[in-house]
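Nothing in this text is a laboratory measurement; each read-out follows from the coordinates by a stated rule. These numbers were taken from a predicted model, which means no experiment stands behind them. Positions of Cβ are generated from backbone atoms using ideal geometry, with glycine treated the same way; all protein chains shown enter the neighbour counts.
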Amino acid sequence: MTVKELDHLFLSNTFNHKYGAHIKGVNVLLPKYGDIKLLLVRKDTHKEPDKTKYLFTTDHTASAPQILLRYRTRWAIETTFRDLKQANMVPA
């Protein structure tokens, strides 16, 4: 089953509505990787609001809101490095 197919199994009213997004964490088994936690993010008011995001973590103790906040924090770091590379300020 693909992540997109799994996402379609859940109705929006089963999602947690926090931090400007609809989020749901589910535990899944990925062949070759083992047990992971998958975060389904819909209607995110953060970056790319019209796209459903699929975030993975091996931290089974983290809540869905915690995973979303970690993603948002790290996303800012990733875009900073991208911008610095485009400005030729950091070696590729």
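List of remarks:
- Label separation (His60 vs His46): 2.4 nm, computed from points 7 Å beyond Cα along the C-beta direction.
- When you filter the chymotrypsin sites (Phe, Trp or Tyr not before Pro) in segment 19-82 for DSSP loop state and at most 13 other Cβ atoms inside 10 Å of their Cβ, you are left with Tyr33.
- The phi torsions of segment 50-65, fed into the Karplus equation with coefficients 6.51, -1.76 and 1.60 and a -60° offset, translate into couplings of 8, 9, 7, 9, 10, 10, 10, 8, 9, 7, 6, 8, 6, 7, 4, x Hz, rounded to whole numbers, with Gly and Pro shown as x.
- Computed from point charges on the beta carbon alone (+1 for Lys and Arg, -1 for Asp and Glu), the dipole magnitude for segment 17-69 about its Cα centre is near 120 Debye.
- Applying the Karplus relation 6.51 cos²θ - 1.76 cosθ + 1.60 with θ = phi - 60° to segment 9-19 yields 3J(HN,Hα) values of 6, 9, 6, 4, 6, 8, 8, 7, 9, 9, 6 Hz, where x marks Gly and Pro.
- Segment 1-88: trypsin sites (Lys or Arg not before Pro) falling in loop per DSSP and having at most 15 other Cβ within 10 Å: Lys32, Lys43, Lys47, Lys51
- Annotation: for a label point projected 7 angstrom from Cα along Cα→Cβ of Arg70, residues of segment 3-31 with backbone N closer than 17 Å are 23-30.
- Size of charge dipole - the chain - debye, nearest 20, with Cβ of Lys, Arg +1 and Asp, Glu -1, no other charges: 120
- Across segment 3-86 the C-alpha pair distances fall into 5 Å bins from zero in the proportions 3, 14, 24, 23, 18, 11, 6, 2, 0 percent.
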